[in-house]
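The values are calculated or read from the model by the stated rules, or taken from the named source; none is laboratory data. Since the model is a prediction, treat every value here as computed from it, not as a measurement. Glycine also receives a Cβ, built like all others from the backbone with ideal geometry; neighbour counts cover every protein chain displayed. These area figures cover heavy atoms from the full protein model, side chains too; ligands, DNA and RNA do not enter into them. Shrake-Rupley method; radii C 1.70, N 1.55, O 1.52, S 1.80 Å.
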Amino acid sequence: GGNPLFLEQLAAMEAEWADGTGEPPLPASLRGLLVARLDRLADEQRVVLENAAILPDPFSLTDLEALAPASSVEPTIERLVEREFLRRRDAAASLSFGHPLMRTTVYEMLPKRRRAELHERYATLAGTANGGGAEPARRSATIARRAQDPPDAQACAAGGGELRPALRARCRTR
């Protein structure tokens, strides 16, 4: 029995704590272990993972960079790939989390206001990148579902495509 992911994460945490900062804690749960590893990340690494957590899986480097507040995220992504928080897919054109539970943990750790802001930014990017139309509406519906806002997702999927005001109003009151 056992959970291979738990053992993999324990081994990764042990390696990350080998820098002489003391003994790593022994989390009682897989989520606790993931949170402990996430807590040791540099701010720029955590921001990249937070941005990635709201994108559809797998996500493109282009979408991730579009959400970045400043310069290229490539060096940070390389470090996250080395540490197995992220992995490259199909010739490095797209990325995904090392495990779906890592993505879920990062997403759940996001404060609701920041989560709503990221969803709103991505919805705007999805709409402008494709010049409007059905595909941005579908992507916006996915975004609304990720923000746990089914009424907005249904309205958007029905062809409205105008998600931003409703998403902003609902997410900020939660």
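Which distance in nm do the two modelled labels at Glu78 and Arg114 give, with both placed 7 Å along the Cα-to-Cβ direction?
Simple spin-label model gives 2.5 nm for this pair.
Quick one: ranking Met102, Met109 by accessible area, 1.4 Å probe, largest first, what do you get? Working shown, then result.
Working: Met102 5, Met109 75 Å².
Descending accessible area places them as Met109, Met102.
Go through His99, His119 and list them by solvent-accessible area, largest first, probe radius 1.4 Å. Kindly include the intermediate steps, with their values, before the conclusion.
On the way: His99 65, His119 0 Å².
Per-residue accessible area, sorted high to low, gives His99, His119.
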